[in-house]
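The values are calculated or read from the model by the stated rules, or taken from the named source; none is laboratory data. Note that the coordinates shown come from a computational prediction; the quantities given were computed from them, not determined experimentally. Backbone-built Cβ (ideal geometry, glycine too); neighbour counts: all protein chains shown. Just the protein is used for accessible areas: all its heavy atoms, side chains included, with ligands, DNA and RNA removed. Shrake-Rupley method; radii C 1.70, N 1.55, O 1.52, S 1.80 Å.
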Amino acid sequence: LKIQWNGTSLSFENEAAANNDGCLFLDEIHQADIKVVKDVAYSLFNGVSKGQGKKDGGNRVRERWLVTAISTGEFDVARYMEAAGIDWTGGQAVRLPAIPADVGNNSVFETLHDFDSSKALAEHFSHYANEHCGVAFPLFVKHIAACMAENPAAFKERINSLKQEFMTQTPPNLAIQPARVLERFALAAVALEL
């Protein structure tokens, strides 16, 4: 789900809870309130809503979720925070890492797949993503469920094998925080491979 950065911390928590086990694309970082960005970097990835009391006593029920969030835009979140004079902590960087997308020639694509330009390839992706929005994920989940029903041990072994294959292509002996980021990307690579 694509949402704009110009929301409140509570609105991001509500979106995360409503899209549990999904993915949020946070767009237009330059519209974001600095305090919201600081809070969201933790709250989205901690997977639990802010604790709040009820006026008649006790606490409100806390929402829980597990989402992948990706900030898109002209520049990364760390740069946005630093421009405002706020330190971007290691914990925030692990939860919302900055991954440069330019692979050369001012393009995010490693290959153009016979298209004339990056723009043409991006427009092709955009057209078909809009045309087929909502189709792939249910089929993917159905495929995963079928594989698990058929032979859970073999399927888990395949997942672990694919994950290890991805991990062998990365630098060895990473520090804890980059290794945590890598774990999430390894799982995404496995999902794409499946």
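Show me 28-35, 114-121, 6-13 ranked by packing, highest mean number of other Cβ atoms within 10 Å first.
Numbers: 28-35: 14.8, 114-121: 12.2, 6-13: 17.0.
Per-residue mean Cβ counts within 10 Å order the peptides as 6-13, 28-35, 114-121.
Which of the GluC sites (Glu not before Pro) across the stretch 104-194 are loop residues per DSSP, with 16 or fewer other Cβ within 10 Å? Before the final figure, lay out each step's value.
Details: sites: E110, E123, E131, E150, E157, E165, E183, E193; in loops: E110.
Qualifying residues, ordered by number: E110.
Which residue, W65, C133, I176, has the largest displacement toward the positive end of the dipole of the chain when charges sit on each Cβ (Lys, Arg +1; Asp, Glu -1)?
Positive-end residue among those listed: W65.
With every protein chain kept in place and ligands, DNA and RNA left out, what is the accessible area per residue of the chain? Probe 1.4 Å, answer in Å².
Each residue of the chain exposes 68 Å² on average to a 1.4 Å probe.
List the aspartates and glutamates whose Cα sits under 18 Å from the Cα of K156, skipping any in the same chain fewer than 8 residues away.
Answer for K156, where 18 Å is the Cα cut-off: E165, E183, E193, listed by chain and number.
Report the relative contact order of the stretch 2-94, percent, no decimals, based on alpha-carbon pairs under 8 angstrom and at least 6 residues apart.
The normalised contact order for the stretch 2-94 reaches 34 percent.
Let's see if you can work this out: charge +1 on each Lys and Arg Cβ, -1 on each Asp and Glu Cβ, no other charges. What is the dipole magnitude of the chain about its Cα centre, in debye to the nearest 20? The partial results should precede the final answer.
Values: 18 positive and 24 negative charges, 206 e Å.
With Lys and Arg at +1 and Asp and Glu at -1, about 1000 debye.
Using amide H atoms built 1.01 Å from N in the peptide plane, name the residues 5+ places from A69, or on other chains, whose amide H lies under 5 Å from its own.
L24
Got a number for carbon plus sulfur as a percent of the stretch 140-185's accessible area, 1.4 Å probe?
60 percent
Could you state the number of Å between the C-alpha centres of the stretch 122-194 and the stretch 1-67?
So the two Cα centres are separated by 25 Å.
Could you point to the residue in I99, I144, L121 farthest towards the positive end of the chain's charge dipole, with +1 and -1 charges on the Cβ of Lys/Arg and Asp/Glu respectively?
I144
All other residues with a Cβ under 14 Å from the Cβ of G134 taken together, and with Lys, Arg as +1 and Asp, Glu as -1, what is their net charge? Before the final figure, lay out each step's value.
Numbers: positive: K2, K142; negative: E131.
Charge balance in the 14 Å sphere: +1.
Just how large is the dipole of the stretch 145-194 about the Cα centre, in debye to the nearest 20, putting +1 at every Lys and Arg Cβ and -1 at every Asp and Glu Cβ?
Result for the stretch 145-194 is approximately 160 debye, rounded to the nearest 20.
State to the nearest 20 debye the size of the charge dipole of the stretch 24-138 about its Cα centre, where the only charges are +1 on K and R beta carbons and -1 on D and E beta carbons.
1020 debye
Work from the charge dipole of the chain (Cβ charges, +1 for Lys and Arg, -1 for Asp and Glu, about the Cα centre) and give the residue of A153, V190, F75 farthest towards its positive end.
Positive-end residue among those listed: A153.
Over the stretch 51-146, what is the relative contact order in percent, taking alpha-carbon pairs closer than 8 angstrom and at least six residues apart? Walk me through the intermediate numbers first.
On the way: 35 pairs, mean separation 10.7, N = 96.
Computed over the stretch 51-146, the figure is 11 percent.
Using Cα pairs under 8 angstrom and six or more residues apart, how large is the relative contact order of the chain, in percent?
Details: 180 pairs, mean separation 31.1, N = 194.
Here the relative contact order equals 16 percent.
Using θ = phi - 60° and the Karplus curve 6.51 cos²θ - 1.76 cosθ + 1.60, what whole-Hz ³J(HN,Hα) does each residue of the stretch 159-171 get, with Gly and Pro shown as x?
4, 5, 5, 5, 5, 5, 4, 5, 5, 5, 8, 10, x
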